[in-house]
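Chemist: Got a structure for you, questions after.
The values are calculated or read from the model by the stated rules, or taken from the named source; none is laboratory data. As the structure is a prediction and not an experimental result, all values here were calculated from the model. No Cβ is skipped: glycine too gets one built from the backbone with ideal geometry, and neighbour counts run over all protein chains shown. For accessibility, only protein heavy atoms count, side chains too; no ligands or nucleic acids. Shrake-Rupley method; radii C 1.70, N 1.55, O 1.52, S 1.80 Å.
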Amino acid sequence: MLISIVVPCYNEEEVIRQFHERVDRELLSVRHDIEFVYVDDGSSDATLSLLTRLADEDPRARYVSFSRNFGKEAAMLAGLRHASGDAVVIMDADLQHPPELIPRMVDLHEHGFDQVITRRTRKGDRMTRTLTARAYYWFINRLVDVELVDGAGDFRLLSRRAVDAVLELTEYNRFSKGLFAWVGFPSTTFDYENAVRERGSSTWTFGKLLNYGLDGLLSFNNKPLRAALYLGLTLLTIAAVYTLWSVGDVLLNGVEAPGYVTLIVIVTALAGVQMVMVGVIGEYVGRVYYEVKDRPHFLVKATNTGAPAERRRPVTVGVGNPPSGLAG
Ligand code: UDP
Ligand code: MG
């Protein structure tokens with residue numbers, strides 16, 4: 001069996017070598033062949049030159065380098081496309097994903113699991129972070145169709161058929177946490193304690209986390225649109241009742257002037273609700289826009305491995321194709 005280790009790297013010059021040596025050491029106990037697939041996500045530091053040197057020294061190391069920074073999702077996709085292993089382990093370059101877990105993951109895979117998922121415990125995290133994460137996952141699991149698990153990230157092992165299934169999902173907006181959950185197959189999860197980042201710094205900011213959360217919410221189904229519809233209907237019903245009540249009041253008691261505050265509250269609240277709904281619709285339209293453009297997920301600048309077969313949606317026959325016969 002061949003095991004591929006897929007590693008997205010963005011400005012990881014400080015840890016790459018250490019990562020490679022450490023993983024190599026931990027995998028001595030695994031009696032399978034190993035290959036490393038490093039994806040340089042348009043790093044602006046020496047990551048690429050370190051990777052080329054690594055590939056010269058170690059024939060098992062392969063690399064793909066992007067023309068610019070396309071994001072971790074694109075990097076993981078490229079890694080999966082280039083991986084030729086019978087099982088693929090995806091892990092971060094910063095050694096936050098303990099390599100000593102890989103033998104156990106491989107072992108579980110050999111016991112028949114297509115996905116071996118690791119879940120980091122929130123031990124050592126700030127209280128506020130833990131609580132927001134809990135609340136978020138409680139909420140999102142009520143909305144999306146797949147089960148998203150708090151702490152279960154990208155550090156996981158996928159069998160060949162699970163990888164192929166993920167590669168079938170060619171959507172542009174990739175929320176991999178959900179995509180992995182979506183493909184299913186027999187899966188198992190185990191916990192580990194997160195290590196602190198060895199060197200360099202995390203690229204996550206609060207704003208990015210918020211956007212990530214919204215992506216999760218919007219990239220799976222149209223329930224937010226449904227929710228907007230229900231909210232609109234509820235407001236409409238309340239408005240109808242209130243109108244009847246107001247008209248009745250005028251008929252019975254004559255016209256009275258007050259109501260300025262009520263008016264302002266209603267107008268601003270409704271304007272706010274409408275803005276939110278337009279925003280939700282806009283998000284979906286924006287996603288459709290990106291999907292329709294059908295651009296590649298990434299562009300490769302340099303690689304020491306065969307160019308990936310760009311998996312694209314089958315072209316619809318008809319548009320733009322001259323009728324046969326005219327062509328010649
Ligand atoms: N990464 C990437 N492209 C990016 C940002 C990050 O390939 O645009 C890689 C990064 O090199 C690392 C992994 O994704 O291997 C996780 O990144 P980071 O450690 O910054 O995130 P965190 O561990 O805080 O989730
Ligand atoms: Mg990290």
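Chemist: So, in region 120-156, exactly how many residues are in contact with a strand residue (DSSP E or B) (Cβ under 9 Å, 6 or more places away or on another chain) and over 16 Å from Pro186 (Cα atoms)?
Modeler: Taking region 120-156 first, the residues in contact with a strand residue (DSSP E or B) (Cβ under 9 Å, 6 or more places away or on another chain) are 120-121, 123-124, 149-156.
Of the ones still in play, those that are also over 16 Å from Pro186 (Cα atoms) are 120-121, 123-124, 150-151, 153-155.
The total comes to 9.
Chemist: Continuing with the same structure: In region 233-245, which residue that is within 38 Å of the chain's Cα centre (by Cα) and hydrophobic (A, V, I, L, M, F, W, C) is surrounded by the most Cβ atoms within 10 Å (Cβ to Cβ)?
Modeler: Looking at the filtered set, the residue picked out is Leu235.
Chemist: Report, by residue number, each residue of region 1-11 that is on the phi < 0 side of the Ramachandran plot, within 13 Å of ligand 1 (Cβ to nearest atom) and surrounded by fewer than 24 Cβ atoms within 10 Å (Cβ to Cβ).
Modeler: Matches in region 1-11: Tyr10 only.
Chemist: Okay, moving on. Taking region 19-40 on its own, how many of its residues are within 12 Å of Pro103 (Cα to Cα), of a type outside the set (Val, Ile, Thr) and either assigned to a loop (DSSP other than H, G, I, E, B) or modelled with pLDDT of 90 or more (or both)?
Modeler: Residues that pass the stated criteria total 2.
Chemist: Filter region 207-226 down to residues that are free of Cβ contacts under 8 Å to residues at least 60 places away in the same chain and either within 18 Å of Arg129 (Cβ to Cβ) or among the aliphatic types (A, V, I, L, M) (or both), then give me how many there are.
Modeler: Step one: list which residues in region 207-226 are free of Cβ contacts under 8 Å to residues at least 60 places away in the same chain, which gives 207-212, 215, 225-226.
With either within 18 Å of Arg129 (Cβ to Cβ) or among the aliphatic types (A, V, I, L, M) (or both) added as a condition, the list becomes 207-212, 225.
Residues meeting the conditions: 7.
Chemist: I'd like to verify a number: residues in region 118-152 that are part of a helix (DSSP H, G or I) and in contact with a Lys or Arg (Cβ under 6 Å, 6 or more places away or on another chain), how many?
Modeler: Summing the residues that are part of a helix (DSSP H, G or I) and in contact with a Lys or Arg (Cβ under 6 Å, 6 or more places away or on another chain) in region 118-152 gives 2.
Chemist: Separate question: Restricting the first residue to region 164-184 and requiring it to be closer than 16 Å to Val144 by Cα, which pairs with a second residue that is modelled with pLDDT under 85 and among the small types (Gly, Ala, Ser) meet a Cβ separation below 6 Å and a spacing of at least six or different chains?
Modeler: Asn173/Ser219; Phe175/Gly216; Phe175/Ser219
Chemist: Continuing with this model, one more query. Identify the residue in region 64-77 that is under 14 Å from the mean Cα position of the chain (by Cα) and within 10 Å of ligand 1 (Cβ to nearest atom) and, among all such residues, is farthest from Glu26 (Cα to Cα).
Modeler: Phe70
Chemist: Applying the selection to region 246-262, what residues are assigned to a helix (DSSP H, G or I) and exposed (fewer than 10 other Cβ atoms within 10 Å of the Cβ)?
Modeler: Leu251, Leu252, Asn253, Tyr260, Val261 - these are the residues of region 246-262 that are assigned to a helix (DSSP H, G or I) and exposed (fewer than 10 other Cβ atoms within 10 Å of the Cβ).
Chemist: So which residues in region 12-50 are surrounded by 20 or more Cβ atoms within 10 Å (Cβ to Cβ) and polar (S, T, N, Q)?
Modeler: Of everything in region 12-50, those that are surrounded by 20 or more Cβ atoms within 10 Å (Cβ to Cβ) and polar (S, T, N, Q) turn out to be Ser43, Thr47.
Chemist: What are the residues in region 90-116 that are closer than 23 Å to Leu179 by Cα, of a type in the set (A, V, I, L, M, F, W, C) and open to solvent by less than 20 Å² (accessible area, probe 1.4 Å), if any?
Modeler: Those that are closer than 23 Å to Leu179 by Cα, of a type in the set (A, V, I, L, M, F, W, C) and open to solvent by less than 20 Å² (accessible area, probe 1.4 Å): Ile90, Met91, Ala93, Ile102, Met105, Val106, Val116.
Chemist: I'd like the full set of residues that are open to solvent by 90 Å² or more (accessible area, probe 1.4 Å) and of a type in the set (Lys, Arg), limited to region 117-156.
Modeler: Lys123, Arg126, Arg129, Arg134, Arg142
Chemist: Just checking, how many residues over region 153-182 are of a type in the set (A, V, I, L, M), over 21 Å from Leu214 (Cα atoms) and not in a strand (DSSP E or B)?
Modeler: Residues meeting the conditions: 5.
Chemist: Here is a list: Arg81, Arg120. Which entry is modelled with pLDDT of 90 or more and within 20 Å of the chain's Cα centre (by Cα)?
Modeler: Arg81
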